[in-house]
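As structure tokens, the structure follows; a few thoughts come after it.
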Amino acid sequence: IIGDLPYDAFEREHLPGLLDEIREAGNRFVVHVGDIKQGSAPCTDQALGNAFDLLAASPLPLIYLPGDNDWADCRRKAAGAYRPLERLEHLRKLFFATSTSLGSEPLPLARQSNAGFGEFVENQRWRLGPALFVTLHIIGGDNDRLHSRGTAAGAAYRTRAEANQAWLAQAFEQARAERLGVVFVFIHGNPRLEAFRDGDVENGYTRFLRQLDAESGRFDGRTVLVHGDTHAQRIDLP
């Protein structure tokens, strides 16, 4: 699992070597949990394309999910003052053009675009042995909730929440039906587990965490939640 890179020239130079080391360690695939550039770095086609080229050259299957830096934060002046939903559409066309992962040995994936939510190619699912892996489009920056009040942005935010809810429910339904041992859930944004535990004011992750709590409670196996955004490795039982 990698994420929040490459942010600078050093990381762009050394990312291929890191991916080679991951392959040499015997891993089967790589998941990039979002943010392929700094939040205020330009969101040009060329910048996104350069990041795509690095990830697409992975020697292992690489599954990518978008982070807030990759489209939502493109509204920042320093990033080019783009329309975020236009940048998201560009990301979808660039990174999710096929029904497989990135990498030189692509892995077949199930996509939500083939399951009732046509635009959500970034919500993905695959199985390896007794484990089911699922990605959800939940980003940093409070899941972009602050900017969900406008007409277009608000509708997109609500549709994304509905898509995520449906995709997560389907994943656990499959895991229960096939009696799997573990469900891995990958998102980008830090969902503020401590705030959820302490009953703080509702935020952009509360709906997701309530559902995850309920679904995992009805699943006999383990549930592992993986997120990026906060740049520090931490393994926890919250």
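The values are calculated or read from the model by the stated rules, or taken from the named source; none is laboratory data. Because the structure is predicted, anything quoted here is derived from the model rather than measured. So basically every Cβ, Gly included, is an ideal-geometry build from the backbone, and we count neighbours across all protein chains shown. When the accessible area is computed, the model is the full protein with side chains, heavy atoms only, and any ligands, DNA or RNA have been set aside. Shrake-Rupley method; radii C 1.70, N 1.55, O 1.52, S 1.80 Å.
Derived value for the chain: Kirkwood hydrodynamic radius 18.2 Å. Basis is the mean of 1/r over every pair of different alpha-carbon atoms.
For the range 1-74, a Kirkwood hydrodynamic radius built from all Cα pairs, placed in the Stokes-Einstein relation at 25 °C and 0.890 mPa s, yields a translational diffusion coefficient of 198 µm²/s. For the options Gly228, Gly103, Gly17, a Gaussian network treatment of the chain with springs between C-alpha atoms closer than 10 Å singles out Gly17 as fluctuating the most. The order of the peptides 124-135, 106-117 by mean Cβ neighbours within 10 Å, most packed first, is 124-135, 106-117. In whole angstrom, the range 71-135 maps to an equivalent ellipsoid with semi-axes of 27, 13, 11, each derived as √(5λ) from the alpha carbon gyration tensor and ordered largest first.
Solvent-accessible area assigned to carbon and sulfur over the chain amounts to 50 percent, based on a 1.4 Å probe. Calculated on the Cα set of the range 21-114, radius of gyration then Dmax: 13.8, 42 Å. For the chain, the relative contact order comes to 17 percent (Cα pairs under 8 Å, sequence separation of at least 6).
Efficiency by 1/(1 + (r/R0)^6): what FRET value for Gln38 and His147, r their Cβ-Cβ distance, R0 = 30 Å, to the nearest 0.05? Efficiency computed from Cβ-Cβ geometry: 0.95. Computed from the C-beta positions of Ala155 and Thr98, the FRET efficiency with R₀ = 25 Å rounds to 0.35.
If each DSSP helix of 4+ residues adds -39,500 (n - 2.57) and the sum is divided by the residues in the chain, what number results at 222 nm, nearest 500 deg cm²/dmol? My calculation for the chain gives -11500 deg cm²/dmol from helical runs alone.
Placing pseudo-labels 7 Å out from each Cα toward the beta carbon at Asn27 and Glu119 gives an inter-label distance of 3.2 nm.
Accessible area per residue for the range 102-204 is 46 Å², calculated with a 1.4 Å probe on protein heavy atoms, without ligands, DNA or RNA.
From the square roots a ≥ b ≥ c of the eigenvalues of the alpha-carbon gyration tensor of the range 159-238, which class results: rounded (a/c under 1.5), prolate (a/b over b/c), or oblate? Here the range 159-238 falls in the prolate category. Given axes a ≥ b ≥ c from the Cα gyration tensor, I'd like to know whether the range 95-223 is rounded (a/c under 1.5), prolate (a/b larger than b/c) or oblate. Oblate.
The simple Förster model, with R0 at 41 Å and r as the Cβ-Cβ distance, assigns Thr230 and Asn50 a FRET efficiency of 0.95. Averaging the Cα positions of each part gives two centres, and for the range 133-199 and the range 203-223 these lie 10 Å apart.
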